[in-house]
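Report on the structure given below.
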Amino acid sequence: MGLLIGWEARRLKIPKSHPRYKSLTTREKLVKAVERGLAVKEGLIAHGRGEAFDYLLGEKTTGFAEKAEKAAAAYLLRADAPVISVNGNAAALAPKQLVKLGKVVNAKLEANVFYGKRVERIEQITRELKRNGARKVLGSNPDARIPGLKGQRALCASNGIYASDLVLVPLEDGDRTQALAAMGKTVIAIDLNPLSRTSLAAKVSIVDELTRAVPNIAGFATGFKRNPKQIAETIREFDNDNNLSALLKFIRDRLAKL
Ligand code: ATP
Ligand code: MG
């Protein structure tokens, strides 16, 4: 029996025993999200790039990712106006987890799209998040612009990303991450590629898979119980550059052993 991928997997139910069951069902989820206009084809390519990097990590959360997730929780709790930026892939893969994280750290949710018809896709993302418990989702009335970006990617809400002091960007494009950082915002990225411009431009770079990372951040945030001393200490002790370079060494050593 060959590998069940694409339309084949959709017709032939993927057996739970398949060694790549999780990966195949996740792909299915994204393909369905594209079919209903929540995600776009370009997002499928981005997902594939992420999967490739996940192999290098052993497809699990490393200690380095965990450290970054803990730091992210601390930064989110310390922020005055944190926003979680949600694109199509993120809404398709982790809607419930993102809504929950927003509640735990008291962050707003803002939908944003890179490709496709903005109005329709923002509506799809908003609907998906609301179906998963979100009370409010910003992004459908973009009345501000992120300086330095062209086109619809620049659009944002004046009472959301524009006014925020911290933005969590899961699966973000490098240009937008850099532009948000240039606005002086604390940017936390979730991106499996440690070499992406996003990972390199973020203040906290979480190199982990989205559906593993988001519940971890929420778990750490709950653990902090808003203890300001512990939060400040975590932020003080976290060094993103060191953490990223330790992760690259981990990948190198792992490959050498393999
Ligand atoms: P950059 O623009 O930052 O230099 P890029 O062009 O490769 O990098 P984009 O396609 O703009 O990246 O953004 C998608 C990023 O999200 C990819 O780097 C990919 O590794 C990552 N990614 C995709 N799916 C996931 C996932 N499920 N969990 C975590 N990261 C993911
Ligand atoms: Mg990019």
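Restricting to the stretch 113-135, what's the tally of residues that are open to solvent by 100 Å² or more (accessible area, probe 1.4 Å), of a type in the set (Val, Ile, Thr) and within 19 Å of the chain's Cα centre (by Cα)?
0
Show the residue pairs that are 6+ apart or on different chains and have beta-carbon atoms under 7 Å apart, the first residue being within the stretch 169-183 and within 12 Å of ligand 1 (Cβ to nearest atom), the second being in a helix (DSSP H, G or I) and open to solvent by 40 Å² or more (accessible area, probe 1.4 Å).
The qualifying pairs are LEU171/ALA46; GLY174/ARG197; THR177/ARG197; GLN178/ARG197.
For the stretch 9-57, which positions are part of a loop (DSSP other than H, G, I, E, B) and either under 11 Å from ALA92 (Cβ atoms) or in contact (Cβ under 8 Å) with a residue 12 or more places away in the chain (or both)?
Within the stretch 9-57, ILE14, HIS18, ARG20, ARG36, GLY37, LEU38, ALA39, VAL40 qualify.
Check whether at least one residue in the stretch 206-225 is more than 16 Å from ligand 1 (Cβ to nearest atom), assigned to a loop (DSSP other than H, G, I, E, B) and either open to solvent by 30 Å² or more (accessible area, probe 1.4 Å) or closer than 14 Å to TYR75 by Cβ (or both), and report yes or no.
yes
Being in a strand (DSSP E or B) and surrounded by 17 or more Cβ atoms within 10 Å (Cβ to Cβ) is the filter; apply it to the stretch 136-181 and report the residue that is nearest to ligand 2 (Cβ to nearest atom).
Of everything passing the filter in the stretch 136-181, VAL169 is nearest to ligand 2 (Cβ to nearest atom).
What's the number of the condition ASN89 fails, among (1) in a helix (DSSP H, G or I); (2) touching a Gly at 6+ places or on another chain (Cβ under 7 Å); (3) away from ligand 1 (no atom under 12 Å from the Cβ)?
Just one mismatch for ASN89, condition (3).
Would you mind telling me which numbered condition in (1) away from ligand 2 (no atom under 14 Å from the Cβ); (2) open to solvent by 70 Å² or more (accessible area, probe 1.4 Å); (3) assigned to a loop (DSSP other than H, G, I, E, B) ASN242 fails?
(3)
Give the residues of the stretch 26-75 that are farther than 21 Å from ASN242 by Cβ, surrounded by 16 or more Cβ atoms within 10 Å (Cβ to Cβ) and away from ligand 1 (no atom under 13 Å from the Cβ), sorted by residue number.
GLU28, VAL31, VAL34, LEU38
Given the structure, is LEU149 within 16 Å of ligand 1 (Cβ to nearest atom), more than 21 Å from GLN97 (Cα to Cα) and touching an Asp or Glu at 6+ places or on another chain (Cβ under 7 Å)?
In short, yes.
Would you please list the contacts, defined by Cβ atoms under 7 Å and residues six or more apart or on different chains, that run from a residue in the stretch 78-91 that is free of Cβ contacts under 8 Å to residues at least 12 places away in the same chain to a residue that is open to solvent by 10 Å² or more (accessible area, probe 1.4 Å) and away from ligand 1 (no atom under 16 Å from the Cβ)?
none
What is the one condition in (1) within 20 Å of THR186 (Cβ to Cβ); (2) within 15 Å of the chain's Cα centre (by Cα); (3) free of Cβ contacts under 8 Å to residues at least 40 places away in the same chain; (4) surrounded by fewer than 24 Cβ atoms within 10 Å (Cβ to Cβ) that LYS108 does not satisfy?
Every condition holds for LYS108 apart from (3).
Among the residues of the stretch 79-99, how many are charged (D, E, K, R) and buried (at least 20 other Cβ atoms within 10 Å of the Cβ)?
Result for the stretch 79-99: 0.
What do you reckon, is GLU209 under 24 Å from LEU57 (Cβ atoms), in contact with a Gly (Cβ under 9 Å, 6 or more places away or on another chain) and touching a residue at least 12 places away in the same chain (Cβ under 8 Å)?
Values: under 24 Å from LEU57 (Cβ atoms): yes; in contact with a Gly (Cβ under 9 Å, 6 or more places away or on another chain): yes; touching a residue at least 12 places away in the same chain (Cβ under 8 Å): yes.
So GLU209 fits the description; yes.
The values are calculated or read from the model by the stated rules, or taken from the named source; none is laboratory data. Quick caveat, the model's predicted, so the values are computed rather than measured. We place every Cβ from the backbone using ideal geometry, glycine too, and count neighbours over all the protein chains shown. Remember, those area values only see protein heavy atoms, side chains included, never the ligands or the DNA or RNA. Shrake-Rupley method; radii C 1.70, N 1.55, O 1.52, S 1.80 Å.
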